[in-house]
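Q: Shown below is the structure under consideration.
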Amino acid sequence: MKLAIRGVGKSYGTARGSVTALTGIELEVAEAEFVSLVGASGCGKSTLLHIVGGLSQASSGSVELDGEIVRGPGAELGLVFQRQTLFPWLTVWENARFPHTLRRHRARKLSETEIENRATLVENLLRLVGLWEFRNSYPAELSGGMQQRAAIARALVARPDVLLMDEPFGALDSQTREEMQELLLHVNAQHRTTTLFVTHDIDEALLLSDRVIVLSPRPGRIIAEVSVPFARDRRTADLKLDPEFVAMKRQLAKSLRHQPSGDERGSFLERLNGR
Amino acid sequence: MLSAARDAIPVDSAAPRQSAQAPSRWFPVRSEVAPRLTRLFGALSAGILLGAYAFLSHRAWVSSALLPTLSSVAESAIAALGSAEFWLDVKVSFLRVTAGFLAAAVLAVPLGILAGSFRLCSALLEPVSEFLRYIPVPALIPLIMILLGIEESAKISLVFLGTFFQLLLMTADEVRQVPLPLVQVSQSMGATRFEVVWRVLAPSALPGISHALRMCNGWAWSYVVVAELLAATEGLGFRILRFYRFIQTPNIYVYLLTFGLIGLLLDRIFRFAHRRLFRWAQAGST
C-alpha cells in the first residue's frame, strides 16, 4: 500500500468542551490510485487531508506512507488548496520551478542533462496546464482557474509520492470547474500520481476517481465506499450524462443524505417541508 | 404573507424614489470625483492656509515675533539657502536620523522576522519590546547622557531606541499576517525551516515591512529634534532653539518648512521605491 490511514481520529477542545471531528478512519490507497473523499461541509474531510499531509496531528491512529509513519509535512506529500497559494511575488514560471530552487534539489551537483531535464519538466507541465504563454505573469494578473492550474503544475514539479487536493476547484465558477476537471484528467493521464482528493461535489468525485469514499457528518466516519468502473478514456464531461453514472450519483447522494446522526440539519429540512 | 408583512411597515409614499437620484457630484461616499475637483480642493487647502497666514501676519494686533510676514520668511529662506550653516544643519540632522534609523532597521527587521516566524522567539523578544516601546524616548535622554555624554553617539542612540522596538514589533506583525497556506504549501514542496522563513515569510512580508520602515523614518525625525534641542552644537533642532533665543522667528519658520519638505521628500522616495519593488503587491492581488 502506498498510503495507509490506520484508525485515525481527531478531537479538539473548544470553549464548549471537546469536539470529535473524525473517528476510526481506516483507508488504504494504492500506488497511482485516485481516491476522493466526499461529505457534507464540516464532516472533517479537510481535517483528514491535513492529518495525512502532516499539517496537523491525529488524536489517535496514524498515517503511513510506504509503511513509514507520517510525522510532519514534506516533499513526499504535495498539496493543492482551495484558496490561491501561488507566491504572489514570483511569476508563474518562477512559481512552477520553485521546488527546484529548494535546497533538497540543489544538494548535489547536477549534470548538464539533469539541469536540462528539470527545465523541460517545468516547461512541459506549464504547457500541459496551458500557461506557458503566461509564464511571465504574476499571480495577481491571472484568473482564479489559471491560478489553480499553475498551483497544480507547481505541485507536480516537486514530484510528490502522494498529491493531496483540498477542494481545489471549490472557489471556481461551475464552467471553469468543469474545464479544470477535464484538465486534471488530462494531467493525470500524463503524470500518474497517487491522489487523495477532497470535494463536496459528487459529480466531480465520480468523474475523477478510481474510488469514492463517503464520510458522515461530525464525527466523520466512513459510511460508504464506491469503486468507479468507468474506463479512463471514457472520462469526459459527457460521462456525467451516462445513465450508469447518474445511477451511481443517485446512490452516493442517497448515502450522503440518509446519515444516522444527531445533526440538526436533516430535521430542519423536514420541518421546512412540513413532514 | 410576505406582502402583508411589507405593508405593515409604513413608508413615506410621497418621498421620491431613491434610485432615481443621481449620486452626489461633490461628496459621493467612497467614490471617485472628477480629478479637476480633487486638484481644486488640494489647492484650496494650501491657499486657505497661506491666505490666513498672510492676512494674520499683517494685522497690527498679531506680534511679528509670532507670525512674521511671508516676505520676511521668504527673505530668510533665501539667506538660509545661501549659507553654509543651513546646509550643515540639514546634513548633520539627516546623518543622525539615517545612522540611527539604519542601525535600527538592520537589527530590528531580522529579529522581527524571527519573532514573527517562531513562537519562542516571539516570547523572547516581544513582551520586552512592548514594554520598552511605551517608555517615552525623551525620558531616556538623562540616562543616555550619563552613558554617552553629548557625543554624536548619544543622538544616534536616541533615534535608534525610538525606532528599534517599534520596527521589531511591526515587522513581527507583518510576518504573522502571511497566510498560513503559503507556509504549508512550501513545506509540502520540501522547503526546510530556513527556506520557509527566508524564501516565503520574509519576501511575503516585505511590502508591509517597507511600509513600517517609512513610518519609522518619519518618527525618527521627531526623536532627533528632541535630542538636538537638549544637547547639540549644530543640527536643525539645535538651530531652532537658537533662533528662539534671539527671537529670529522668520528663521524658525524657514526651518519648520525645511522639516516638512525633507519629510515629504523622503516619504515620496519611500513610496516610489515601494511601488517599484513591490509591483506584485499592487491593487488586484488577493
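The values are calculated or read from the model by the stated rules, or taken from the named source; none is laboratory data. Small disclaimer: the values here were computed from a predicted structure and weren't measured. Because the Cβ atoms are built from the backbone with ideal geometry, glycine has one as well, and the counts that use them run over all protein chains shown. Note: areas computed on protein heavy atoms with side chains; ligands, DNA, RNA excluded. Shrake-Rupley method; radii C 1.70, N 1.55, O 1.52, S 1.80 Å.
Q: List the number of the failed condition for A:ALA153; all other conditions in (1) outside any helix (DSSP H, G or I); (2) of a type in the set (Gly, Ala, Ser); (3) within 13 Å of another protein chain (Cβ to nearest Cβ) hold.
A: The failed condition is (1).
Q: Could you check, for region A:171-192, whether at least one of its residues is modelled with pLDDT of 90 or more, out of contact with any His (no Cβ under 7 Å at 6 or more places or on another chain) and within 14 Å of chain B (Cβ to nearest Cβ)?
A: no
Q: Among the residues of region B:180-199, which ones are facing chain A (nearest Cβ under 7 Å) and in a helix (DSSP H, G or I)? Talk me through it step by step, then tell me what you get.
A: Let us first name the residues in region B:180-199 that are facing chain A (nearest Cβ under 7 Å), namely B:181-182, B:184-185, B:187-192, B:195.
The answer is B:PRO181, B:LEU182, B:GLN184, B:VAL185, B:GLN187, B:SER188, B:GLU195.
Q: Also, I was wondering about something else. Could you please find all residues in region B:118-168 being open to solvent by 40 Å² or more (accessible area, probe 1.4 Å), part of a helix (DSSP H, G or I) and closer than 18 Å to B:THR98 by Cα?
A: Across region B:118-168, the qualifying residues are B:GLU152, B:SER153, B:ILE156, B:PHE160, B:LEU161.
Q: Tell me which of these A:ASP233 doesn't satisfy, since it passes every other one: (1) touching a Leu at 6+ places or on another chain (Cβ under 9 Å); (2) under 22 Å from A:ASN124 (Cβ atoms).
A: Only one criterion in (1) touching a Leu at 6+ places or on another chain (Cβ under 9 Å); (2) under 22 Å from A:ASN124 (Cβ atoms) is unmet by A:ASP233, namely (1).
Q: What number of residues within region B:227-286 satisfy the criterion of being within 14 Å of chain A (Cβ to nearest Cβ) and crowded, with 17+ Cβ neighbours inside 10 Å?
A: The qualifying residues number 4.
Q: Out of all the residues in region A:106-134, which are within 14 Å of another protein chain (Cβ to nearest Cβ) and either free of Cβ contacts under 8 Å to residues at least 12 places away in the same chain or not in a helix (DSSP H, G or I) (or both)?
A: The answer is A:ARG106, A:ALA107.
Q: Taking region A:71-90, which residues are surrounded by 23 or more Cβ atoms within 10 Å (Cβ to Cβ) and more than 7 Å from chain B (Cβ to nearest Cβ)?
A: Correct list: A:VAL80, A:LEU86.
Q: Would you confirm, using the coordinates I've provided, whether A:LEU102 is open to solvent by less than 10 Å² (accessible area, probe 1.4 Å), of a type outside the set (Asp, Glu) and more than 23 Å from A:PHE197 (Cβ to Cβ)? Walk me through how you get there before you give the answer.
A: Values: open to solvent by less than 10 Å² (accessible area, probe 1.4 Å): yes; of a type outside the set (Asp, Glu): yes; more than 23 Å from A:PHE197 (Cβ to Cβ): yes.
Yes.
Q: Determine, yes or no, whether A:LEU239 is in contact with a Lys or Arg (Cβ under 7 Å, 6 or more places away or on another chain) and surrounded by fewer than 19 Cβ atoms within 10 Å (Cβ to Cβ).
A: Against the criterion (in contact with a Lys or Arg (Cβ under 7 Å, 6 or more places away or on another chain) and surrounded by fewer than 19 Cβ atoms within 10 Å (Cβ to Cβ)), A:LEU239 does not qualify.
Q: If you don't mind, there's one more thing I want to ask. What number of residues within region B:1-31 satisfy the criterion of being open to solvent by 100 Å² or more (accessible area, probe 1.4 Å), in a helix (DSSP H, G or I) and either over 30 Å from B:PHE41 (Cβ atoms) or modelled with pLDDT under 80 (or both)?
A: Total satisfying the criteria: 3.
Q: Among the residues of region B:32-44, what is the count of those that are surrounded by 10 or more Cβ atoms within 10 Å (Cβ to Cβ) and not in a loop (DSSP other than H, G, I, E, B)?
A: Of all residues in region B:32-44, those surrounded by 10 or more Cβ atoms within 10 Å (Cβ to Cβ) come to B:33-34, B:37-44.
Then drop every residue that is not not in a loop (DSSP other than H, G, I, E, B), which leaves B:37-44.
The qualifying residues number 8.
Q: Please tell me if A:LEU196 is open to solvent by less than 30 Å² (accessible area, probe 1.4 Å), of a type outside the set (S, T, N, Q) and at pLDDT 90 or above. Please lay out each step first, then the result.
A: Details: open to solvent by less than 30 Å² (accessible area, probe 1.4 Å): yes; of a type outside the set (S, T, N, Q): yes; at pLDDT 90 or above: yes.
When the stated conditions are applied, A:LEU196 passes them.
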